[in-house]
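Everything on this sheet refers to the single structure shown next.
The values are calculated or read from the model by the stated rules, or taken from the named source; none is laboratory data. Note that the structure is a prediction, hence the values are computed from the model and not measured. Reconstructed Cβ throughout: ideal geometry from the backbone, glycine too, with neighbour counts over all protein chains shown.
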Amino acid sequence: IVQYLADYRPYPFILSETRLDFTLVPDATRVKAILSFAPRDSGQSQDLVLDGGEEVKLISLTIDGHEPDPAHVTRQDETLTIAATALPDAPFTVETEVEINPMANTTFEGLYMSGGMFCTQCEAQGFRHITFYPDRPDVMTTFRVGIHSDQNVLLSNGNLIGQKECGTEWYDPWPKPSYLFALVAGNLVAISDSFTTLSGRKVDLNVWVRPGDEDRADFAMESLIRSMKWDEEAYGREYDLEVFNIVAVDDFNMGAMENKGLNIFNSKLVLASPETATDGDYERIEGVIGHEYFHNWTGNRITCRDWFQLCLKEGLTVFRDQQFTSDMRSAPVKRIMDVQTLRARQFREDAGPLAHPPRPDHYEEINNFYTATVYEKGAEVIGMLKRLIGDDSYRQALDLYFDRHDGDAATIEDWLNVFQDATGRDLTQFKHWYTDAGTPHLNMVEEWSETTAGGTLTLTFTQNTPPTPGQPDKPARVIPIAVGLIGPNGDEVLPTQILEMTQASQGFSFEGLGARPVVSALRDFSAPVILTRNIDDDTRAFLLANDPNPFARWEAGRELAIAALVALSQGQPGGDSYVKAIGQLIADDDADPAFRALCLNLPGDEEIATRLSTLGIEPDPDAIYQARQDLARRIAETHQDLLARIYDSMQVSGAYSPDAEPSAKRALRIAALSLLNRIDGGERAEILFGTATNMTERMAALTCLIRRGRGQTALQILLEQFGDNRLVMDKWFSVQPMAAPPESAVATARELAQRSDFDWKNPNRYRALIGGLSANHAAFHARDGSGYNFVAEWIMKMDPVNPQIAARMSSVFETWPRYDTVRRAKALVALEQIAAVAGLSRNTREMVSRMIAAG
Ligand code: ARG
Ligand code: ZN
């Protein structure tokens with residue numbers, strides 16, 4: 001059944017209080033609920049519809065203490081309806097008792113068990129698997145929760161108000177929707193600290209982990225404290241309860257969840273030590289701890305009216321966590337990395353059968369819309385707003401947003417109205433960014449004319465957004481284009497200006513210039529568009545050497561690399577300019593190591609394939625793989641000495657720290673290693689694997705060794721050392737199919753899938769292996785269809801167990817229409833095979849049918 005935004009109706013009842021009482025037993029948990037309702041309008045005579053999954057067993061039901069006539073109660077697959085005739089036209093209380101089986105819950109949605117502990121995941125619609133309830137985000141109320149269990153730590157949202165043997169009671173004074181409910185019961189230990197807020201309130205902080213993991217939780221705690229401080233400084237947002245709890249669990253479908261006062265995290269986003277986690281892991285932990293904490297205001301205090309508005313909280317919270325990371329680390333590096341992810345995941349989504357706007361207007365299964373478009377493009381849209389109105393106006397608008405909507409379940413219209421009211425700007429046209437799918441293509445043409453008064457440069461931009469499913473015509477959007485001009489001697493003659501494009505085609509002139517400048521366009525990636533311009537390699541190399549805007553500099557180098565790879569993958573010559581320019585750049589010891597590392601990393605196969613298909617060329621995965629290998633080898637051969645010098649000099653001594661500076665050195669060192677590895681037979685990697693004491697360098701060395709076909713010993717060592725560490729073993733499972741040569745990767749993955757420690761029901765382990773293989777572009781897209789078949793088999797196997805994970809994995813097929821007829825046919829067979837499975841979940845069915853429809 002398709003849900004439509006246009007069908008939104010307020011819930012006909014007001015819920016003023018929720019009381020829950022849990023008696024936790026692994027296979028027979030009892031949940032009592034007391035819900036205090038009142039009709040929204042008197043005399044409305046509406047049925048009371050409560051959501052509830054079919055596995056929720058109703059034990060008893062009373063209305064104001066009386067059992068209703070069974071004829072007035074209807075149980076359907078996912079609802080329980082009490083007829084209007086059985087309800088008073090006045091406030092009333094519904095009391096239910098239900099039984100559920102957390103142990104049998106393999107979906108990790110609702111109440112389930114992970115490693116012996118009870119935990120919950122209720123966003124988006126998990127609460128209905130716990131009890132009967134109006135499970136929608138616009139029904140908000142206070143929760144009082146009792147927990148009875150023999151586990152030693154019993155947690156829920158809000159403040160602890162009662163504690164006795166085998167029981168605790170929690171009260172959350174902040175009205176919230178059911179998706180923010182959480183409960184945890186387990187034998188856990190905490191690392192604890194405290195934080196004093198701006199106004200002087202002391203908050204107890206705990207990070208709860210399993211005994212034995214407590215020495216790997218410090219960084220998470222430090223990150224939490226930094227987040228709390230940052231939100232006060234950057235947004236004036238204070239925390240609002242006596243306690244903030246974080247719990248790490250091993251079985252978790254997503255990254256983490258912002259439940260009020262009780263965030264639940266995938267353990268990989270909490271636990272870290274230098275021996276087990278990479279620099280990248282540390283950075284993600286800091287970012288996600290921040291993300292979930294920032295949701296306390298953008299998501300919890302102000303939530304979403306309905307799930308179509310998901311990007312209201314996610315886009316804004318991603319934007320905020322990006323700002324946080326920029327402030328904690330290097331802003332330009334963060335921007336470059338975010339743009340790389342955006343292009344790899346969101347542009348790819350926008351260009352294929354799964355394209356949808358940041359605010360969709362229909363869906364079948366909301367869990368399929370926790371996407372790069374809702375999250376990352378949702379954040380980009382806010383970045384554009386801020387760029388258009390300026391930092392001060394942005395801050396004023398946000399103050400107004402918090403003021404006006406605190407306690408509300410809000411919409412994108414509410415959000416835009418705040419900006420309109422704060423700035424006086426009409427945002428009607430800007431709104432297309434929220435409602436229209438697809439990535440605009442933006443072309444820039446330069447025209448130079450000279451008169452006696454000086455030169456005039458005219459930039460003419462033309463925008464065009466290709467059609468997406470269900471949206472054939474796209475009106476012009478507002479596009480903020482950040483432009484700077486650089487004189488022939490390398491000096492900036494015009495600092496960054498924001499050109500505000502509103503028409504399909506529009507010119508901007510710069511007068512009174514001396515000599516013809518070089519244009520630095522779309523600085524900082526000021527809008528999520530695909531920019532094309534007529535530019536030669538020399539000009540790109542000039543920008544790479546001279547552009548004062550770090551993003552634009554990096555972009556110039558990236559474009560050189562992509563142009564080379566596009567040519568090489570089609571059997572044409574290319575790459576000389578890039579190889580030369582990169583040599584100059586990395587030789588500059590004054591340049592930021594992080595920046596040099598970013599420039600040295602070649603675009604991935606997937607990115608090259610995407611570029612080819614944007615240019616209207618069918619990508620050939622084998623040719624792309626070969627082109628990339630060849631170019632990397634050429635760089636290594638040409639700059640052998642330079643790279644060796646970098647590799648030696650970027651060694652970090654002393655105790656490990658995940659901070660930006662040492663991480664940057666390691667990143668550059670590893671980038672040099674992976675190039676040298678192509679010509680030194682794996683010697684350096686072998687030594688590094690044996691001597692490095694941090695996981696960043698060890699993983700890099702291992703990857704290199706596998707690429708050289710000599711990873712076996714290192715893999716065995718890692719297995720012996722960390723066989724009982726799930727997070728390290730996840731890396732072990734993913735690196736093999738990912739780094740294996742394309743011709744053997746599927747066989748490697750099949751072999752690994754046979755292992756007894758391939759605990760595939762664990763989402764991290766499943767994603768490590770199946771996702772690892774699909775990230776190997778040439779292997780997943782093997783011409784014989786073996787990659788497609790392997791992944792399809794595992795989607796079908798996962799679907800009845802955990803539909804969310806299966807559906808999510810299926811999106812690896814989203815690019816299928818862009819390949820050649822042989823591959824297309826094989827991918828389509830795989831998709832049709834999945835679609836033909838009897839009893840396929842709603843989640844996977846929706847994904848697969850959207851993808852098949854593109855054929
Ligand atoms: N709100 C969470 C976050 O982004 C994500 C939870 C999504 N869960 C899901 N089952 N779709 O922080
Ligand atoms: Zn979020």
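Residues in segment 281-309 that are within 16 Å of ligand 2 (Cβ to nearest atom) and among the acidic types (Asp, Glu) were compared, and the one that is farthest from TRP433 (Cα to Cα) is GLU286. If you go through segment 319-337 and keep only what is under 12 Å from GLY287 (Cβ atoms) and among the basic types (Lys, Arg), you end up with ARG320, ARG329, LYS334. Any residue that is modelled with pLDDT of 95 or more, among the charged types (D, E, K, R) and within 11 Å of ligand 2 (Cβ to nearest atom) - is there at least one of those in segment 329-346? Scanning segment 329-346 turns up no residue that is modelled with pLDDT of 95 or more, among the charged types (D, E, K, R) and within 11 Å of ligand 2 (Cβ to nearest atom).
For the structure I just gave you, tell me whether PRO211 is at pLDDT 95 or above, buried (at least 17 other Cβ atoms within 10 Å of the Cβ) and not aromatic (Phe, Trp, Tyr). Considered against the rule, which asks whether it is at pLDDT 95 or above, buried (at least 17 other Cβ atoms within 10 Å of the Cβ) and not aromatic (Phe, Trp, Tyr), PRO211 comes out as no. Among the conditions (1) away from ligand 2 (no atom under 16 Å from the Cβ); (2) in contact with an Asp or Glu (Cβ under 6 Å, 6 or more places away or on another chain), GLN121 misses just one, which is (1). The residues of segment 621-650 that are farther than 16 Å from TYR578 by Cα and in contact with a helix residue (DSSP H, G or I) (Cβ under 7 Å, 6 or more places away or on another chain), listed by number, are PRO621, ASP622, ALA623, ILE624, TYR625, ALA644, ILE646, TYR647, MET650. When LEU398, LEU385 are checked against the criterion of being surrounded by 22 or more Cβ atoms within 10 Å (Cβ to Cβ), within 21 Å of ASP524 (Cα to Cα) and away from ligand 1 (no atom under 16 Å from the Cβ), a single residue qualifies: LEU385. Entry remark, segment 513-524: residues being part of a helix (DSSP H, G or I) and surrounded by fewer than 21 Cβ atoms within 10 Å (Cβ to Cβ) number 1 in total.
When restricted to residues that are surrounded by fewer than 23 Cβ atoms within 10 Å (Cβ to Cβ) and within 14 Å of VAL247 (Cβ to Cβ), segment 158-184 contains 0. Of the residues making up segment 138-157, those that are over 15 Å from CYS119 (Cα atoms) and either crowded, with 23+ Cβ neighbours inside 10 Å or among the aromatic types (Phe, Trp, Tyr) (or both) number 1. From the set of residues in segment 238-280 that are among the acidic types (Asp, Glu) and more than 16 Å from ligand 2 (Cβ to nearest atom), which is surrounded by the fewest Cβ atoms within 10 Å (Cβ to Cβ)? Going through the qualifying residues, I end up with GLU242. Only one entry in GLY352, GLY315, GLY383, GLY390 is at pLDDT 95 or above and touching a Gly at 6+ places or on another chain (Cβ under 9 Å), namely GLY315. When the criteria are applied in full, ILE366 meets the requirement of being within 16 Å of ligand 2 (Cβ to nearest atom) and at pLDDT 95 or above. Annotation: ALA644 fulfils all but one of (1) in contact (Cβ under 8 Å) with a residue 24 or more places away in the chain; (2) part of a loop (DSSP other than H, G, I, E, B); the unmet one is (2).
Please find, within segment 104-142, the residue that is farthest from ligand 1 (Cβ to nearest atom) out of those that are charged (D, E, K, R) and touching a strand residue (DSSP E or B) at 6+ places or on another chain (Cβ under 7 Å). Here the residue is ASP138. Residues that are in a helix (DSSP H, G or I) and of a type in the set (Ser, Thr, Tyr) were ranked within segment 257-301; the one that is nearest to ligand 1 (Cβ to nearest atom) is TYR293.
When the helices (runs of 4 or more DSSP H) confined to segment 719-781 are screened for residues that are crowded, with 17+ Cβ neighbours inside 10 Å and under 22 Å from the mean Cα position of the chain (by Cα), those reaching at least 3 such residues are found at 726-739, 763-766. Filtered by the rule that a residue be over 19 Å from MET328 (Cβ atoms) and among the aliphatic types (A, V, I, L, M), segment 199-240 gives VAL203, VAL209. Taking the criterion of being within 13 Å of ligand 2 (Cβ to nearest atom), in a loop (DSSP other than H, G, I, E, B), surrounded by fewer than 24 Cβ atoms within 10 Å (Cβ to Cβ) and aromatic (Phe, Trp, Tyr), would at least one residue in segment 318-325 satisfy it? Within segment 318-325, not a single residue is within 13 Å of ligand 2 (Cβ to nearest atom), in a loop (DSSP other than H, G, I, E, B), surrounded by fewer than 24 Cβ atoms within 10 Å (Cβ to Cβ) and aromatic (Phe, Trp, Tyr).
Checking each residue in segment 29-51 for being over 16 Å from THR18 (Cα atoms) and among the small types (Gly, Ala, Ser) picks out SER42, GLY43, SER45. Of the candidates ILE225, ILE302, ILE289, the single residue that is buried (at least 24 other Cβ atoms within 10 Å of the Cβ) and in contact with a strand residue (DSSP E or B) (Cβ under 8 Å, 6 or more places away or on another chain) is ILE289.
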